[in-house]
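Here's the structure, in structure tokens; my notes come after.
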Amino acid sequence: MSKQQLFDAMTASQHQFASIAKDIWDHPQLGYSERYASTLQQQTLKEAGFRVSANIGEVETAFVAECSSGSPIIGILGEFDALPGLSQAVSPTLEPLEKDAPGHGCGHNLLGTAGLEAVIALKKYMEEHHIEGTLRYYGCSAEELLSGKTFMARAGVFDDLDLVYTWHPGTFNMTTNLSMQALSSVEFFFHGRTAHAAAAPHLGRSALDAVELTNVGANYLREHVPDGSRIHYQITNGGLAPNVVPDNASVLYFLRGKNRAEVDDLLRRLHLVAEGAAMMTETTVTAEIKAGCYDTLPNLTLNEVMYDNAQLLPDISYTAEEQAFARTLQQNIDPSVVAGSKASMAQMGFQETTDLAQGFQHIPQMFRIPMPGSSDIGDVSWITPMGQIMTTCAPSAVQLHTWQATASFGSSIGMKGMHLAAQIMAGAALDSFTNPDIIQKAREEFDRNRAGITYKPAIPDDVKPPQPVA
Ligand SMILES: [Zn+2]
């Protein structure tokens, strides 16, 4: 049997998936409310003969699709949520489609659809060639809120996997050997006593004072935390008017660090700060954990399998129109960002021949170097060995979570990168079904690197996932 057959069949049907990705791009919805994308993907998978279970971990838009049976069990992760305020046309100049509306500035319209493309093609190939095993697609909700997969993990849906593959749209083609940061998100709600701020201030106990003192304490805490930690906050309720002592106020925190234990300790210390602020102001405080995800644990064995598959595929070729789109888009990015991005790409060995990066890099020396930012894929990577790549879906220097990214991920440049990622994931999954050594080696590496740490969700049992916004 020839893997080339699988790749060729995928190329023949790529337009179907480009139109699904564009359809999802045209209907951007925020995390936990991605009903359009979730329904479209579930329907497509059912039509292709997959068994679909929805409402995973009480997340309405999360689902698992499965075909065949028995061992091994190999998964592919997909996402489909958008970001607020990033509405943008497929245009190289700023042109929101709808003011303040969401947009696919992280390319999750491509992320999920590549997984769909991979599993649908692979299912057909496995049937034709009598390949044994269970193939799964995970429709994961709310990655941007850093918690969709944690709720799914709490429901146990990743526990029986032998291994999993995923990817992320980016500005070059490369295996992902870096490690993203662990994160906790917590909101503190302070309750005090209201009063007329001028006539009877002595009777008031300001919840806003407690919020401000918490922030002062957190800002002093910064000096005494491990290197690379990040503490960000947003006042979510600061009271209603200056002349009314606020009896309710709240503040939302993100804490990041290089691993789960480090963030757990930051969280413990921040709780002490908030309790101290409550004591000082004679208010009370309650805390709600919103998210808690792990750092990502890359797997070099699986990343090498993905790299080997990338070597079997030709470079993406771009039309003159796509090249022109890339150049104009880059002119709308700060020149220092463009220069910085070109320098770091040259350092990683990419040839500076085009504004759209070609070639495919695998740099094992980057293994587990901490990278700023977090993702709930971290949770999955501590449950089962995970391979991950990124592909060129936007011109170099385009930053994720910007209008330039939304424009690229709706364009044919994004679709071409998605198709390449789908082929690599399908090829890597096929190798994993047919070569038991891959699973064994990936497992051994996984066990060695997790060094006795067993995954336990960082969201408390009593915290329920948010409900969709109608
Ligand atoms: Zn993303």
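Please verify whether the range 356-378 includes one or more residues that are surrounded by fewer than 17 Cβ atoms within 10 Å (Cβ to Cβ), of a type in the set (Gly, Ala, Ser) and within 16 Å of the ligand (Cβ to nearest atom).
Yes, the range 356-378 has at least one match.
Output the number of residues of the range 187-203 satisfying the condition of being surrounded by fewer than 18 Cβ atoms within 10 Å (Cβ to Cβ) and either under 28 Å from the mean Cα position of the chain (by Cα) or assigned to a helix (DSSP H, G or I) (or both).
4
If you go through the range 204-215 one residue at a time, do you hit one that is in contact with a strand residue (DSSP E or B) (Cβ under 8 Å, 6 or more places away or on another chain), more than 30 Å from THR113 (Cα to Cα) and in a loop (DSSP other than H, G, I, E, B)?
yes
Of everything in the range 37-92 that's more than 16 Å from the ligand (Cβ to nearest atom) and of a type in the set (Asp, Glu), which residue is surrounded by the fewest Cβ atoms within 10 Å (Cβ to Cβ)?
Going through the qualifying residues, I end up with GLU47.
Looking at (1) out of contact with any Phe, Trp or Tyr (no Cβ under 7 Å at 6 or more places or on another chain); (2) modelled with pLDDT of 95 or more; (3) within 16 Å of the ligand (Cβ to nearest atom), which is the one condition that is false for ALA421?
(1)
Restrict the check to the range 239-262 and report whether at least one residue is polar (S, T, N, Q) and in contact with a helix residue (DSSP H, G or I) (Cβ under 8 Å, 6 or more places away or on another chain).
Within the range 239-262, one or more residues are polar (S, T, N, Q) and in contact with a helix residue (DSSP H, G or I) (Cβ under 8 Å, 6 or more places away or on another chain).
Specify the residue that is farthest from ILE24 (Cα to Cα); the eligible residues are those in the range 93-105 that are within 16 Å of the ligand (Cβ to nearest atom) and in contact with a helix residue (DSSP H, G or I) (Cβ under 7 Å, 6 or more places away or on another chain).
Step by step, filter the range 93-105, then rank; the result is GLY105.
Which pairs turn up if I take residues in the range 408-423 that are more than 13 Å from GLU117 (Cβ to Cβ) and assigned by TED's automatic domain parsing to the domain that holds ALA12 and look for partners that are among the acidic types (Asp, Glu) and in a helix (DSSP H, G or I) with beta carbon separation below 7 Å, at least 6 apart in sequence or on another chain?
Between residues of the range 408-423 that are more than 13 Å from GLU117 (Cβ to Cβ) and assigned by TED's automatic domain parsing to the domain that holds ALA12 and residues that are among the acidic types (Asp, Glu) and in a helix (DSSP H, G or I), the close pairs are SER412/GLU322; ILE413/GLU322.
If you take the residues in the range 379-407 that are β-branched (Val, Ile, Thr) and within 16 Å of the ligand (Cβ to nearest atom), which one is surrounded by the fewest Cβ atoms within 10 Å (Cβ to Cβ)?
THR402
Look through THR296, THR283 and report the one residue that is crowded, with 22+ Cβ neighbours inside 10 Å and in contact with a Lys or Arg (Cβ under 6 Å, 6 or more places away or on another chain). Outline the logic, then answer.
On the way: THR296 fails: in contact with a Lys or Arg (Cβ under 6 Å, 6 or more places away or on another chain).
When all the criteria are applied, what remains is THR283.
Pairs please, first residue from the range 152-177 and in the same structural domain as VAL119 (by TED's automatic domain parsing), second anywhere and assigned to a loop (DSSP other than H, G, I, E, B) and among the acidic types (Asp, Glu), Cβ atoms under 6 Å, 6+ apart in sequence or on different chains.
none
Can you name every one of the helices (runs of 4 or more DSSP H) wholly within the range 225-336 that holds 2 or more residues which are touching an Asp or Glu at 6+ places or on another chain (Cβ under 6 Å) and more than 30 Å from VAL463 (Cα to Cα)? Talk me through it step by step, then tell me what you get.
Values: elements: 260-281, 300-311, 320-331.
Fully inside the range 225-336 and qualifying: 300-311, 320-331.
Of the conditions (1) surrounded by fewer than 21 Cβ atoms within 10 Å (Cβ to Cβ); (2) more than 16 Å from the ligand (Cβ to nearest atom), LEU116 clears all except one; give me its number.
Going through the list (1) surrounded by fewer than 21 Cβ atoms within 10 Å (Cβ to Cβ); (2) more than 16 Å from the ligand (Cβ to nearest atom), LEU116 breaks only (1).
If you go through the range 438-458 one residue at a time, do you hit one that is in contact with a strand residue (DSSP E or B) (Cβ under 8 Å, 6 or more places away or on another chain) and either part of a loop (DSSP other than H, G, I, E, B) or not assigned by TED's automatic domain parsing to the domain that holds LEU161 (or both)?
Yes, some residue in the range 438-458 is in contact with a strand residue (DSSP E or B) (Cβ under 8 Å, 6 or more places away or on another chain) and either part of a loop (DSSP other than H, G, I, E, B) or not assigned by TED's automatic domain parsing to the domain that holds LEU161 (or both).
Restricting to the range 42-96, give me the number of residues that are acidic (Asp, Glu) and not in a loop (DSSP other than H, G, I, E, B).
Residues in the range 42-96 being acidic (Asp, Glu) and not in a loop (DSSP other than H, G, I, E, B): 4 in total.
From the list SER206, SER184, SER250, which one is within 25 Å of the chain's Cα centre (by Cα) and among the small types (Gly, Ala, Ser)?
SER184
For the list (1) out of contact with any strand residue (DSSP E or B) (no Cβ under 6 Å at 6 or more places or on another chain); (2) part of a loop (DSSP other than H, G, I, E, B); (3) over 20 Å from MET152 (Cβ atoms); (4) of a type in the set (Gly, Ala, Ser), I need the number of the one condition that ALA18 fails.
Answer for ALA18: the failing condition is (2).
If you scan the range 321-344, which residues turn out to be at pLDDT 90 or above, within 17 Å of CYS393 (Cα to Cα) and of a type in the set (Gly, Ala, Ser)?
ALA324, ALA326
Take the residues in the range 145-174 that are crowded, with 24+ Cβ neighbours inside 10 Å and in a strand (DSSP E or B), then tell me which one is farthest from the ligand (Cβ to nearest atom).
Only one residue fits best here, namely LEU163.
Take ALA142 and tell me if it is in contact (Cβ under 8 Å) with a residue 12 or more places away in the chain, away from the ligand (no atom under 16 Å from the Cβ), surrounded by 14 or more Cβ atoms within 10 Å (Cβ to Cβ) and among the small types (Gly, Ala, Ser).
Against the criterion (in contact (Cβ under 8 Å) with a residue 12 or more places away in the chain, away from the ligand (no atom under 16 Å from the Cβ), surrounded by 14 or more Cβ atoms within 10 Å (Cβ to Cβ) and among the small types (Gly, Ala, Ser)), ALA142 does not qualify.
The values are calculated or read from the model by the stated rules, or taken from the named source; none is laboratory data. What you see is a predicted model, and the numbers here were worked out from it, not measured in a lab. Positions of Cβ are generated from backbone atoms using ideal geometry, with glycine treated the same way; all protein chains shown enter the neighbour counts.
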